[in-house]
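Asker: Here it is: the structure, laid out below.
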Amino acid sequence: MFATQVFGRYAAEFTDQALPAEVMHHAKRAVVDWYASAYPGVSREPVRLLEEVLAEDLDRGSARLILGRAATARAAAMINGAAAHAAEVDDSFREAMYHPGAATIAAALAAAHSTGCNGQEFLRAVVLGYEVSTRIGIALGRGHYKYWHNTGTVGTFGAAAAAGYLLRLSEVQFAHALATAATFAAGLQQAFRMDSMSKPLHPGRAAEGGLLAAQLASRGVTGSLDVLDGAAGFGVAMSAGADWSQVGATLGRDFHITRTTFKNHVGCGHSFPSIDGALELQRVHGFRADEIDSIHIGTYKPALDIACYVRPATVNEAQFSIPFVVATALLHGSVRMAAYEPERLHAPATRALMERIHVAVDPELDAGFPGRRSAHVEIVLGDGRRFAHLQPNRKGDPELPLTDADLEGKLVEFAAPVIGAGAARALAARLWTLDTSETLP
């Protein structure tokens, strides 16, 4: 069987599979986090401009944008998917090197609104999207992640799988939806190695492309079923040594959605072990930021490749700057939305501390990527004292998970400026009971 057929067969079995309560609960956690990520993204410039460009597809249609505006399903998937990634606070799955929620949940929500399904079916679609897409990301490996933005590429499959479930695709149609989705998948890492607005558009396009692939398959459009693992297929063309042999080995037994990482800081997740390690040293030893003489950080290579800005000049660059976020954390105790306000972005104290931060690749920690995201942080004070700490995981990783209360607090914190604290708390309560709800937000 080709990989697309393996997933098609599982999707057919999944329709009748009773999911463990733990899996459904983690699906709700993912949805709560998605809303927490999308609300601060709706006002970001690329999302606002995307709405302007898609104006002909708004104020009509069966789906809705996150703030309630009517939209066609494909427009809703694209705009909501972009919003969920724009503020850099969305979830991730380490081994697939990918943010699954942005595109998968955006497409699931658009399809759910269009089909009028209940909350439980919506959550099941989310689960299937996560299980299929993360396995494709794992098969593609580091060779794909070297050049491609997995949230745009792999996200297309998550969107297609979630939408395909809600459109009730047959086993064969589901395989064809994934095959067509492969030809839509795109998103280059070079797109955000300079300051640009392209990055959040990747999951937006992935959500729309995956939904479209599922819609086409429902009407009988076919794809090349060997498009992932064929001689000139996705794996060969967009990776190095992609291994499809075990792609379906644990489907239905090992649910990846239960091992999702949820962000505890605002910014690029590759910088988070450095933030956590620096904060842990400050917590244990009680020094002030102005006492620091130098900071030396060793971490894995993709962290330096992607969180690459040494002297960021814009908000976007600051979110991808290890020196900036570490200095901000040590000065203010956290890296939240306020970290990127103009007075913080260009604060002399932050800039001065950044100049004393040195980041390099640690070969041992790099060897652990992508399954582990770690950093070794050494801080030297002006009086000569030297403190070191190995941060093996990030807070929010499965080993150090955010609690349900943490996730709800994140939703209220990030949604309240947009819809008000009362509405944000009411939304959280509604999301935690989605599995028994006949309607969706």
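The values are calculated or read from the model by the stated rules, or taken from the named source; none is laboratory data. From a predicted model like this one, the values you see are computed outputs, not experimental measurements. In this analysis, Cβ positions are derived from the backbone assuming ideal geometry, glycine residues included, and neighbour counts consider all displayed protein chains. When the accessible area is computed, the model is the full protein with side chains, heavy atoms only, and any ligands, DNA or RNA have been set aside. Shrake-Rupley method; radii C 1.70, N 1.55, O 1.52, S 1.80 Å.
Asker: May I ask what percent, to the nearest 5, of DSSP beta bridges between residues of the chain are antiparallel?
Answerer: Antiparallel bridges make up about 75 percent of those DSSP assigns within the chain.
Asker: Could you do me a favour and compute the accessible area per residue for the range 259-360, 1.4 Å probe, result in Å²?
Answerer: 36 Å²
Asker: Can I ask one more? For the chain, take the longest principal axis of its alpha carbons; what is the angle in degrees between that and the long axis of helix 201-218, to the nearest 10 within 0 to 90?
Answerer: That works out to roughly 10 degrees.
Asker: Please report the accessible area of D366 (heavy atoms, 1.4 Å probe, ligands and nucleic acids excluded) in Å², nearest 10.
Answerer: Accessible area, nearest 10 Å²: 30 Å².
Asker: With only Lys, Arg, Asp and Glu charged, each at its Cβ (+1 for the first two, -1 for the last two), find how big the charge dipole of the range 293-441 is about the Cα centre; round to the nearest 20 debye.
Answerer: Value, rounded to 20: 260 debye.
Asker: With the Cα gyration tensor of the range 80-202 in hand, convert its eigenvalues to equivalent ellipsoid semi-axes via √(5λ) and list them largest first in whole Å.
Answerer: Equivalent ellipsoid of the range 80-202: 24, 16, 12 Å, largest first.
Asker: Quick check: convex hull of the Cα atoms in the range 179-260, volume per residue, rounded to a whole Å³?
Answerer: Here the figure is 145 Å³ per residue.
Asker: While we're looking at this one, here's another question. If amide H atoms are built 1.01 Å from N in the plane of the peptide, which residues on other chains or at least 5 residues away come under 5 Å of the amide H of R69?
Answerer: Amide H neighbours of R69, under 5 Å, 5+ apart: none.
Asker: So how tilted is helix 100-115 from the main axis of the chain? Cα-based, degrees 0 to 90, rounded to 10.
Answerer: Long axis of 100-115 versus the principal axis of the chain: about 30 degrees.
Asker: Counting only other residues whose beta carbon sits under 15 Å from that of L427, what net charge do I get with K and R as +1, D and E as -1?
Answerer: Surrounding charge for L427 is +2.
Asker: Using the Cα atoms of the chain, I'd like the radius of gyration and the largest Cα-Cα distance, Dmax, both in angstrom.
Answerer: Calculated on Cα positions, Rg and Dmax stand at 21.2, 72 Å.
Asker: What base-10 log of the normalised intensity I(q)/I(0) is obtained for the range 231-379 from the Debye formula, alpha carbons as equal point scatterers, at q = 0.14, 0.16, 0.18 Å⁻¹?
Answerer: With no solvent term, the Cα-only Debye profile gives -0.73, -0.87, -1.03.
Asker: Carbon and sulfur atoms: what percent of the 1.4 Å accessible area of the chain do they account for? The partial results should precede the final answer.
Answerer: On the way: 8660 of 16210 Å².
Summing carbon and sulfur atoms, their accessible area is 53 percent of the total for the chain.
Asker: Who wins for biggest fluctuation among R336, R344, R372 in a Gaussian network model of the chain, springs between alpha carbons below 10 Å?
Answerer: Largest GNM mean-square fluctuation: R344.
Asker: Per-residue accessible area for V418 at 1.4 Å probe radius, Å² rounded to 10?
Answerer: 60 Å²
Asker: Further question on the same structure: What list of ³J(HN,Hα) values in whole Hz, one per residue of the range 175-183 in order, does the Karplus curve 6.51 cos²θ - 1.76 cosθ + 1.60 (θ = phi - 60°) give from phi, with Gly and Pro shown as x?
Answerer: Here the 3J(HN,Hα) series is 4, 5, 4, 5, 5, 5, 4, 4, 7 Hz.
Asker: Using amide H atoms built 1.01 Å from N in the peptide plane, name the residues 5+ places from V359, or on other chains, whose amide H lies under 5 Å from its own.
Answerer: I297
Asker: For D293, enumerate residues with amide H under 5 Å from its amide H, sequence gap 5+ or separate chain, H modeled in the peptide plane.
Answerer: V380, L381, G382
Asker: What's the angle, to the nearest 10 degrees (0 to 90), between helix 21-38's Cα axis and the longest principal axis of the chain?
Answerer: So the inclination is approximately 70 degrees.
Asker: Can you tell which of T72, T151, T260 shows the greatest fluctuation in a Gaussian network model of the chain with Cα springs below 10 Å?
Answerer: The residue with the greatest mean-square fluctuation here is T72.
Asker: Take every Cα-Cα distance within the range 326-395, group them into 5 Å bins from 0 onward, and report for each bin the whole-number percent of pairs it holds.
Answerer: 3, 13, 19, 21, 18, 17, 8, 1
Asker: Highest mean first, how do 214-220, 346-352 rank when packing is the count of other Cβ atoms within 10 Å averaged over residues?
Answerer: Those peptides, ordered most packed to least, come out 214-220, 346-352.
Asker: Now a separate question. Using alpha carbon coordinates only, what is the Rg to Rh ratio of the range 328-441, with Rh defined as the Kirkwood radius?
Answerer: On the Cα set of the range 328-441, Rg over Rh gives 1.09.
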